[in-house]
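Below is one structure, written out as structure tokens; comments come after it.
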Amino acid sequence: MKLVTAVIKPFMLGDVKEALESLGVSGMTISEVSGYGRQKGHTEIYRGSEYEVDLVPKIKIEVLADERSASEIVDEIVRAAGTGKIGDGKVWVSSLDTVVRVRTGERGADAL
Amino acid sequence: MLTSVLAAPAEEAGFDTGSIAWVLISAALVFLMTPALAFFYGGMVRAKHVLAMLMQNFAAIMIGAVVWVVIGFSLAFGDGNAFIGNLDFFGMTDPSQAIPGLEDLAVPPLVFAAFQMTFAIITLALVTGATADRWRFGAFVLFGVLWLTVIYAPLAHWVWSPSGWIAELGALDFAGGTVVHINAGVAGLAMAIVLGRRRGYGKDAMRGHSMPLVLLGAGLLWFGWFGFNAGSALGVNDGNTQLAAIAFINTAVAPAAAMAGWLGYEKLRHGSSTTLGAASGAVAGLVAITPCAGFVSPLAAIAIGLIAGVLCAASLGLKEKVKVDDALDVVAVHLIGGLWGSLAVGLFATSSINSVVTDDGLLVGGGAVLLGKQLLAVVAAMAFSFIGTFILGKLIGFLLPHRVDTETEITGLDQAMHSETAYEFGDSSRGASGRDLLPSAPSEKE
């Protein structure tokens, strides 16, 4: 069992969702987050004073997957979320011990 | 003349109905400037302090209207001496009582008094930009009552009462460059010094929380300013028709040029033309044209505005140099803009626009006489307003604290002082329990 987590630019969410749906992914969790990577946010100007806004808004997508489809999902997110510009985000995969469907109590791959 | 036939009842008393209507509407327009200023300033403070900012400006109406009717108008326009009026108009009890030196106005005395009241209100409100985010409400209210009485009213007397010494000197202020803008700018500076810097000043980002509010406020200020300036023609009969129109056009064109100046400066200096820059530029132009509006040609107004925009934008950095926390740049916009406008009268005023001008300005074929008078007037006004306000601020400080406590300043003045907050933000922590997402019923005190 794998957890694929992606942090992407907010306006790319539609494309990523579409791409994952066409891959057959049946569910995902989306949250609005903020953070920064190498690009370190942006500068805003108010009455001549420059403010560094280092935390920029991002979207976090979490998808549960089995071992085989996880790398496919990663590839698809990287393809769909990429603009080629700085700040496109990151995707990472982590291992999970258990997944349980609350409604039925199913465990493991059956619960996906 | 035709107007005298149509306006028979008013004419019997020597007044002109068209003028009465125009000046009363102008008073209402200027009145709108104070709530407009509240939003102009309110958008520039952080979300946690916005209601306190709006409240001080609305309180300026509360204080100004009452003080003006009871004593302010009398001290400003009563006969008195060269420095202060008297108590002849105390409480405005006699509507027919003529204003000394202004007997030939086209409007009744109380119409003039009502118009002037709105000027007093907004001048007090303007001061609060310099002191944003740290002044206790009670101390501000006491300050407002005393400041309008001992600083604003005497200065208005100096400049606008025919018996005032600056008026007798021959220095000109069409709609309030000296009395309103220089006065408010200097008083704001003095109170910013008395109060001290905001906590975190220079370290924390203190950018405004709502640029849309700032632009809404600036737009409404501009709208009201037509009453401020064109209303200061004090009538629409005879030659004043043209005077009101000139002031009106100048009030449109000078801020437009100033906006261009400010935005151009910003683009060159910082790489972006910002919406706050557009709003600030317009206000700077409005400030600068205020003393000139009825004395200069529209082309001169464009020059005055353009220079005001660049000058005010360039003077934003002054406060960092002198280490005074003038929170919303009242000095850069109102003091510098007002100074430039008042001196511009000495450069551009011409008797071909207004017969009140006896010495033409330096750049329109006159000499330096008027410029010298303007300079003397602004220096005197600055000295009086700064020293007077500083002493008044210190004296009030002995009676009750000016500053909010540290916790209030950090958590927000709105909650601590007015038991309200401006906005209900989505708060992710409330999702921990579904019930928290439901609105809670208001509790009643038992």
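Quick notes
- Filter result (more than 14 Å from chain A (Cβ to nearest Cβ), open to solvent by less than 10 Å² (accessible area, probe 1.4 Å) and small (Gly, Ala, Ser)) within segment B:301-318: B:301, B:305, B:308
- Here the condition is being farther than 20 Å from residue B:25 by Cβ, touching a residue at least 40 places away in the same chain (Cβ under 8 Å), touching a helix residue (DSSP H, G or I) at 6+ places or on another chain (Cβ under 7 Å) and open to solvent by less than 10 Å² (accessible area, probe 1.4 Å); of B:144, B:64, it holds for B:144 alone.
- When each of B:285, B:294, B:338 is tested for being more than 23 Å from residue B:208 (Cβ to Cβ) and surrounded by 24 or more Cβ atoms within 10 Å (Cβ to Cβ), the lone residue that passes is B:294.
- Criterion (touching a residue at least 24 places away in the same chain (Cβ under 8 Å), within 13 Å of chain A (Cβ to nearest Cβ) and of a type in the set (Ser, Thr, Tyr)) met by exactly one of B:272, B:280: B:280
- Here segment A:63-88 is the region considered, the condition is being of a type in the set (S, T, N, Q) and touching a residue at least 24 places away in the same chain (Cβ under 8 Å), and the residue that is most open to solvent (accessible area, probe 1.4 Å) is A:83.
- Pairs, first charged (D, E, K, R) in segment A:16-29, second not in a helix (DSSP H, G or I), C-beta under 8 Å, six or more apart: A:17/A:28
- Residues in segment B:363-400 that are open to solvent by less than 60 Å² (accessible area, probe 1.4 Å), free of Cβ contacts under 8 Å to residues at least 40 places away in the same chain and within 20 Å of residue B:130 (Cβ to Cβ): B:383 alone.
- Scope segment B:165-182; condition closer than 15 Å to residue B:101 by Cα and not in a helix (DSSP H, G or I); matching residues: B:170
- Screening A:31, A:26, A:22 for residues that are surrounded by fewer than 14 Cβ atoms within 10 Å (Cβ to Cβ), within 14 Å of another protein chain (Cβ to nearest Cβ) and not charged (D, E, K, R) leaves exactly one candidate, A:31.
- Within segment B:241-269, the residues that satisfy the criterion of being open to solvent by less than 10 Å² (accessible area, probe 1.4 Å) and within 11 Å of chain A (Cβ to nearest Cβ) are B:262, B:266.
- Total residues in segment A:44-73 satisfying the condition of being away from chain B (no Cβ under 14 Å), more than 21 Å from residue A:10 (Cβ to Cβ) and in a strand (DSSP E or B): the figure is 2.
- Odd one out for residue B:235, checked against (1) within 14 Å of chain A (Cβ to nearest Cβ); (2) open to solvent by less than 20 Å² (accessible area, probe 1.4 Å); (3) modelled with pLDDT under 95: (1)
- Flag if residue B:106 is open to solvent by less than 40 Å² (accessible area, probe 1.4 Å), out of contact with any strand residue (DSSP E or B) (no Cβ under 8 Å at 6 or more places or on another chain) and modelled with pLDDT of 95 or more: no
- Of the residues making up segment B:406-421, those that are open to solvent by 40 Å² or more (accessible area, probe 1.4 Å) and closer than 18 Å to residue B:56 by Cα are B:415, B:416, B:417, B:419, B:420, B:421.
- Any hit, segment B:361-372, residues being β-branched (Val, Ile, Thr) and at pLDDT 95 or above: yes
- 1 or more residues under 18 Å from the mean Cα position of the chain (by Cα): qualifying helices (runs of 4 or more DSSP H) within segment B:272-360: B:275-289, B:298-314, B:336-348
The values are calculated or read from the model by the stated rules, or taken from the named source; none is laboratory data. A quick note: this is a predicted structure, and the numbers were derived from the prediction, not measured. Note that each Cβ is placed from the backbone with ideal geometry, even for glycine, and that neighbours are counted across all protein chains shown. What goes into the accessible areas is simple: the full protein's heavy atoms, side chains included, and nothing from ligands, DNA or RNA. Shrake-Rupley method; radii C 1.70, N 1.55, O 1.52, S 1.80 Å.
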